[in-house]
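The values are calculated or read from the model by the stated rules, or taken from the named source; none is laboratory data. Not measured: the values here are computed from a predicted model. Neighbour counts run over all protein chains shown; Cβ positions are idealised from the backbone, glycine included.
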Amino acid sequence: MIPFIFMKNSSLIPVKKFFHLQFREREEISRGLAANKSFSDIACALKRAVSTISHELALIQATRETYRAEDAHHCAYLNKQKARLGKNKVRDNPALAQEINLLLAKFHSPQQVAQELKKLYPKNTAMKASHETIYAYVYVLPRGELKRQLIKYLRQHHKARQIRFHDKETLKKLQKQGYIPEMISIEERPLEVADRMVPGHWEGDLIVGKQHRSALGTLVERTTRLTLLVPLTGLDATSVRKAFVREIKRLPKSLVKTLTYDQGKEMAQHKLLTSETDVKVFFAHPHSPWERGTNENTNGLIRQFFPKGTDFNKVSRTQIKKAESLLNTRPRKVNNWRTPYECFTELVSLR
C-alpha cells in the first residue's frame with residue numbers, strides 16, 4: 001500500500017515511505033531552490049511530499065536564497081540528538097543547574113543535594129530535583145570541562161552511570177536482551193580520533209550472514225582505511241572477543257589504540273578484550289551509523305565479495321583473507337590514490 005500520493009500535472013506520483021532526508025536529498029533541494037523550481041517540482045523529483053520541502057526550509061528558518069544543505073543537515077542532526085537525550089528538568093532550568101553545581105562542588109552527593117534543595121526551596125517545585133534527576137543531568141552533559149569537574153565531585157568518579165545488580169540471574173537476563181555492562185560512550189572518546197590525524201583508531205562491526213546464523217567480523221583503521229576481515233566460529237560474545245583479540249595482536253601495538261563499536265551484544269566482553277589487548281572500546285549511540293561511518297562504508301565494499309545471504313560457515317578462511325587482500329591493495333581516492341596497505345606499511349616503518 002502506497003502511504004501518500006500527490007498531484008503533479010494531473011497524474012498521481014507515489015511518495016516514499018517516511019524516513020529522514022539524506023544529505024544528497026538536501027543538496028537536490030538546494031539546487032532546486034537556486035534554480036527557482038517550485039516546491040512541487042522539487043518534491044516530485046525526490047518522490048517526497050510537498051510539505052517536506054516547506055518543513056525543510058522552516059527547519060533553519062531559511063528562504064530560497066539562504067537555504068544551505070549543510071546547515072539544514074547539521075540542524076536536523078542536533079534535533080535528533082536533543083530528542084535522543086530527552087527532557088531533563090535540571091538542564092532546562094539554568095537557575096536549578098547552577099544551584100546543583102554549587103552543592104556538588106561542596107562534595108555533596110546527589111541524594112544530599114536533593115535533600116538540601118528541599119530545605120532551601122520548600123515551596124518552589126521548580127527548584128527541586130530527585131537524586132536520579134541529578135545523576136541524569138551530570139551524565140548527559142556533553143563532553144567538556146564542566147562534565148569532568150562534576151564527575152570529580154561524585155564519590156565514585158565513573159565516566160558513565162553504573163547500574164548495580166543484586167543477583168547474577170538479573171545480569172544474565174539483561175545480557176541476553178542485549179545489555180552491555182560498563183559501556184563507555186563515544187562521547188568519552190579522545191578528541192584526536194575525530195580528526196583522523198592520529199593513526200591507530202579503529203571501527204568494528206559484524207556482517208551477518210544467511211538467516212543470522214553466521215557472521216564475519218570487520219575492523220577498519222580510520223586514517224588509512226586498512227581493513228581486517230575476521231573469521232568467526234560463532235556469534236556469541238566469547239567467540240567474537242577471541243577472534244578480534246587474535247586479529248588485533250597481529251598488529252603493531254602502537255597502531256591499535258581504540259575501537260569504536262555499535263551496541264551489539266556480541267561486544268559484551270569488551271572489558272576482557274581491553275585487558276587482553278590494551279585497546280579501549282567505545283560505543284556509538286543507538287541507531288547512529290554515521291558515528292562509525294568508515295566502517296559502514298567499508299561494509300558496503302565488502303558486500304561486493306560476500307553479498308547478502310552469504311553463509312559464512314561455508315566460506316573458508318583463505319577466501320576471506322583473499323578478499324581482505326584485494327580490499328587493502330585497491331587504490332583509494334581518500335588516500336590520494338594510494339592503497340590502504342601502502343599507507344599502513346609506511347606508518348609501521350616510521351615507528
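Do any helices (runs of 4 or more DSSP H) lying entirely in segment 7-104 carry at least 2 residues that are closer than 30 Å to E116 by Cβ and either at pLDDT 85 or above or out of contact with any strand residue (DSSP E or B) (no Cβ under 7 Å at 6 or more places or on another chain) (or both), and which ones are they? Steps first, please.
Values: elements: 23-34, 39-46, 50-59, 69-85.
Those helices (runs of 4 or more DSSP H) span 69-85.
Just one of the listed residues (R292, R303) is under 22 Å from S214 (Cβ atoms) and in contact with a strand residue (DSSP E or B) (Cβ under 6 Å, 6 or more places away or on another chain), and it is R292. Would a scan of segment 249-266 turn up a residue that is buried (at least 19 other Cβ atoms within 10 Å of the Cβ), in contact with a Cys (Cβ under 9 Å, 6 or more places away or on another chain) and of a type in the set (A, V, I, L, M, F, W, C)? No, the conditions are met nowhere in segment 249-266.
Look at segment 179-212 and say how many of its residues are among the acidic types (D, E) and farther than 17 Å from V281 by Cα.
Of all residues in segment 179-212, those among the acidic types (D, E) come to 182, 187-188, 192, 195, 203, 205.
Applying the additional criterion that residues be farther than 17 Å from V281 by Cα yields 195.
Summing the residues that are among the acidic types (D, E) and farther than 17 Å from V281 by Cα in segment 179-212 gives 1.
Pairs are defined by a Cβ separation below 9 Å, a sequence spacing of at least 6 or placement on different chains, a first member in segment 288-313 that is surrounded by fewer than 18 Cβ atoms within 10 Å (Cβ to Cβ), and a second member that is at pLDDT below 90 and of a type in the set (S, T, Y); the pairs so defined are W290/Y77. Among the residues of segment 189-215, those that are of a type in the set (G, A, S) and touching a residue at least 40 places away in the same chain (Cβ under 8 Å) comprise G200, G204, G209, S214, A215.
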